[in-house]
Amino acid sequence: MGDAKPVLMILVLSGCGLLWLSLHWFGTPRVLREQRLTQIAIVEEAPTLPPRAGLDQVGWLLDHRRTRLQGLVGLAVVGVVIGLVEGCAQRRQERQAGLGVWHWTIGVVTLALLPGAVGALVLSPVPWSLAVVAGIGTVWASFTAYMLSKGRPYVA
């Protein structure tokens with residue numbers, strides 16, 4: 001039996017999930033899709049209304065969510081810095097520093113889940129509160145950085 005490759009499996013499952021989301025998106029009736037996008041534009045206070053054509057709607061949603069999430073990059077960077085500092089501090093206080101294999105594994109797995117989570121957030125036809133997205137993103141970034149820095153293996 002071969003070695004387990006959890007990161008590859010997570011990336012493959014994330015890709016399958018995004019493929020399912022895109023097939024679901026284009027499988028919904030046009031009227032329902034337009035209603036959802038209009039609801040997103042109202043709740044998320046988009047500057048423009050969504051277009052009527054199918055591929056243009058995807059482009060509008062990507063542009064709207066990308067511009068909306070660009071302001072949260074600084075907050076995520078602060079979360080990463082806090083996670084790194086806390087992880088290094090916890091690592092120095094432990095007697096058996098360097099044996100945090102499960103910390104490292106959880107950090108790698110949450111890092112591998114990140115592209116699929118961001119893709120699902122950007123492409124999901126559900127309105128998202130900016131406070132919820134900022135909170136979840138910052139906690140995720142901080143937790144991942146904490147686990148990676150606390151469980152970082154020693155290199156001799």
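Here is how the numbers come out for the structure above:
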{"quantity": "Residues with amide H under 5 Å from that of G151, placed H, sequence gap 5 or more", "calculated": "W104"}
{"quantity": "Span from the region 5-69 Cα centroid across to the region 92-153 one, whole angstrom", "calculated": "23"}
{"quantity": "Additional length obtainable on full extension of the chain from A134 to K5, 0.36 nm per residue less Cα span", "calculated": "43.4 nm"}
{"quantity": "Over the chain - Rg/Rh using Cα atoms and the Kirkwood inverse-distance radius", "calculated": "1.09"}
{"quantity": "Two-site FRET efficiency, T105 against I42, from Cβ-Cβ distance with R₀ of 41 Å, rounded to 0.05", "calculated": "0.45"}
{"quantity": "Label point distance in nm, L123-H24, each placed 7 Å from Cα along Cα→Cβ", "calculated": "1.1"}
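Laboratory data are not the source of any read-out in this text; all were calculated from the coordinates shown. Since this is a predicted model, take the numbers as computed values, not measurements. No Cβ is skipped: glycine too gets one built from the backbone with ideal geometry, and neighbour counts run over all protein chains shown.
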